[in-house]
Amino acid sequence: MSTVVIVGTQWGDEGKGKIVDFLTERADVVARYQGGNNAGHTVVINNEKYILHLIPSGVLHKGKKCIIGNGVVIDPAALIEEMDGLREKGINVDDNLLIAKNAHVIMPYHMAIERESENKKGNKKIGTTGRGIGPSYTDKVARYGIRMMDLPAPDIFREKLTANLSAVNFLLENLYKAAPLNADEIYAQYMKYAERLSRYITDTDVFINNEIDSKRNVLFEGAQGTLLDVDHGTYPFVTSSNTIAGGACTGLGVGPTKINKVLGIAKAYTTRVGEGPFPTELKDELGESIRQKGGEFGATTGRARRCGWLDILILKHAIRINGLTGIALTKLDILDGFDKLKICVGYKYNGKLYEEFPKEIEVLTHCEPVYVEVKGWKESTLGIKEFDKLPANARKYIKKIEKMLKIKVQIISTGQKRDEIIVLKEQF
Ligand code: GDP
Ligand code: IMO
Ligand code: MG
């Protein structure tokens, strides 16, 4: 038995969904531990594309238990829409979905506040996904939050809603000069959601710890990535949760002694959606060609992802902060056909060379990346399943990364589909 945390090592969209789906074959339970429907995890099976936002990416395997943990913020409308969408494609989550009682609920006023505050920030905006994630976590920490267990308790729900809305409406009307929201409408809408979702709401911490004690294989699915972590990312251009491996403990109620492995998902290059610094960003045709070839458009918002070279400082930071035991390198095939590839090994700023990822936004914004250049490969790697069949220069690229990072690449993904993968070390 084993427990494995799947964590993004960059700014999200590293291909976590594909790897979680692949590893679920041998898992019994898959549990999301943070974030909300800001996430978009893509899984492609037999040319059919599924984008999961809240439901763990293991759901596409029959009979696996899927948990939405207490660390997740849940928009009930988005969750119901996702369940219905899956059902239309023949996937029934009914017997396998468990939702944490103590997960917080995203309310319509969270989205309204986020929209107004992003607008007010103008060119200082974060470029959020607009799903109400930040304001929902704000309420959680400020201790005003409404939790999933409040949905089947109409009196408690109404009391909290009324109290929260009076404060929110004051802000909307007076600070943002925006229209107030109506408590009765929200109440009626959320009571309908309660009818649909109550049956899934339970003590997921008890369930998951029992599964671990019964020696089952458990996958913890992270959303976003290390550099979007509210503590260890490029603050303030981050999301509002702990995206890192430690988030699996707080976001599910699982002790650190119960975690066996942490697999970091790293794209063979780097992407970012939204605002904030990105030292290796390619703002030229090269960046555009990676974007087109890699289909680098947001799975949640459709926004174009910014693209750039692989950054060793970022990956070293991710190895450290998450305690990674291995790396899954994804989208290797997108680098096919380049004459040369660059790998960033340092930043220069104000005459100083940085070899560890700096925390200052000023440094990250204005530094100059220091690159080593390696030879590319002309052959296609798409769908290759054995390491030895990769072009020699692709093997060299991977070996070089391993040497620089002092960690093993345990999985290499060579395409969107489930079986387009090279497994060098099994996780379960
Ligand atoms: P996530 O948020 O980390 O799950 O990643 P996304 O699903 O947002 O973005 C990753 C995209 O890359 C998706 O469209 C995947 O289908 C795709 N993808 C994942 N691995 C590979 C790969 O090895 N090769 C190619 N070409 N596409 C991949
Ligand atoms: P997955 O799980 C990439 C980014 C947003 C924005 C910042 C804050 O698919 O990797 P938020 O709505 O969370 O308050 O936005 O975080 N962001 C993501 N970027 N992948 C994601 O999820 C993301 N979720 C949020 O673009 O810059
Ligand atoms: Mg994504």
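Which entries of Lys267/Lys293; Lys125/Lys331; Lys124/Lys283; Lys65/Lys215; Lys62/Lys89 show an alpha-carbon separation above 18 angstrom in the structure shown?
Violating the 18 Å limit, Cα to Cα: Lys125/Lys331; Lys124/Lys283.
I need the trypsin sites (Lys or Arg not before Pro) found in segment 23-89, filtered to DSSP loop residues with at most 15 other beta carbons within 10 Å of theirs. Listed in order of number, the matching sites are Arg26, Lys62, Lys89.
Helix 183-197 versus the longest principal axis of the chain: what is the Cα-based angle in degrees, 0 to 90, to the nearest 10? Computed tilt is about 60 degrees. The slack between Glu373 and Leu171, meaning 0.36 nm per residue of separation minus the straight C-alpha distance, is 67.5 nm. In the assembled protein chains, Lys293 presents an accessible area of approximately 100 Å² (probe radius 1.4 Å). Here the Karplus relation 6.51 cos²θ - 1.76 cosθ + 1.60, evaluated at θ = phi - 60°, turns the backbone of segment 64-70 into coupling constants of 8, 6, 10, 10, 9, x, 5 Hz, with x for every Gly and Pro. Residue-wise HN-Hα couplings along segment 214-229, as the Karplus relation 6.51 cos²θ - 1.76 cosθ + 1.60 with θ = phi - 60° gives them from phi, are 7, 6, 7, 8, 10, 9, 9, 9, x, 10, 6, x, 3, 7, 9, 5 Hz; Gly and Pro carry x. Inter-part distance, segment 191-270 to segment 28-77, computed on C-alpha centroids, equals 11 Å. Separation of segment 1-18 from segment 334-356 is 24 Å, based on Cα centroids.
For segment 365-405 and segment 123-143, write down the distance between their C-alpha centroids in whole Å. Segment 365-405 and segment 123-143 have Cα centres separated by 37 Å. Rounded to a whole number, what % of the accessible area of segment 104-197 do carbon and sulfur atoms account for, probe 1.4 Å? Here carbon and sulfur together make up 55 percent of the probe-accessible area. Taking amide H as placed 1.01 Å from N in the peptide plane, the amide H of Thr3 sits under 5 Å from that of Val218, Asn260, Lys261, each at least 5 places away or on another chain.
For segment 266-423, the fraction of 1.4 Å probe accessible surface lying on carbon and sulfur atoms is 50 percent. The listed residues Arg199, Arg131, Arg291, once ranked by accessible area (1.4 Å probe) with the largest placed first, stand as Arg199, Arg131, Arg291.
Where both partners of a DSSP beta bridge lie in the chain, what percent of those bridges are antiparallel, to the nearest 5? If we restrict to bridges inside the chain, about 40 percent are antiparallel.
For Lys385, the aspartates and glutamates whose Cα comes closer than 18 Å to its Cα, not counting residues fewer than 8 places off in the same chain, are Asp21, Glu25, Asp333, Asp336, Asp419, Glu420, Glu426.
Solvent-accessible surface of the chain, averaged per residue with a 1.4 angstrom probe and all protein chains in place: 43 square angstrom.
Within the full protein context, the accessible area of Asp95 is estimated at about 120 Å² for a probe radius of 1.4 Å. Taking Gly69, Gly122, Gly346 in turn, the Gaussian network model of the chain (Cα-Cα springs below 10 Å) assigns the largest fluctuation to Gly122.
With r defined as the distance between the Cβ atoms of Glu159 and Thr138 and R0 fixed at 25 Å, what FRET efficiency is calculated, to the nearest 0.05?
Efficiency, rounded to the nearest 0.05: 0.80.
Solvent exposure of Tyr354, expressed as accessible area, is near 40 Å², computed with a probe of 1.4 Å over the protein chains only.
The label-point distance for Leu353 and Ala188, in a model that sets each label 7 Å from Cα toward Cβ, rounds to 6.8 nm. Near the amide H of Asn242, within less than 5 Å, lie the amide hydrogens of Val230, all on another chain or at least 5 residues away, with H placed in the peptide plane. When Lys and Arg each count +1 and Asp and Glu each count -1, what net charge do the other residues less than 15 Å away from Tyr371, Cβ to Cβ, add up to? With Lys, Arg at +1 and Asp, Glu at -1, the net is -2.
Placing +1 on each Lys and Arg Cβ and -1 on each Asp and Glu Cβ, with no other charges, gives the chain a dipole about its Cα centre of roughly 1100 debye. Across the options Gly122, Ile80, Ser57, the greatest Cα extent toward the positive end of the charge dipole of segment 18-146 (unit charges at beta carbon of Lys, Arg, Asp, Glu) belongs to Gly122.
The values are calculated or read from the model by the stated rules, or taken from the named source; none is laboratory data. What you see is a predicted model, and the numbers here were worked out from it, not measured in a lab. All Cβ positions, even for glycine, are placed from backbone atoms using ideal geometry, and neighbour counts span all protein chains on display. Note: accessible area is taken over every heavy atom of the protein model, side chains too, but ligands, DNA and RNA are not part of it. Shrake-Rupley method; radii C 1.70, N 1.55, O 1.52, S 1.80 Å.
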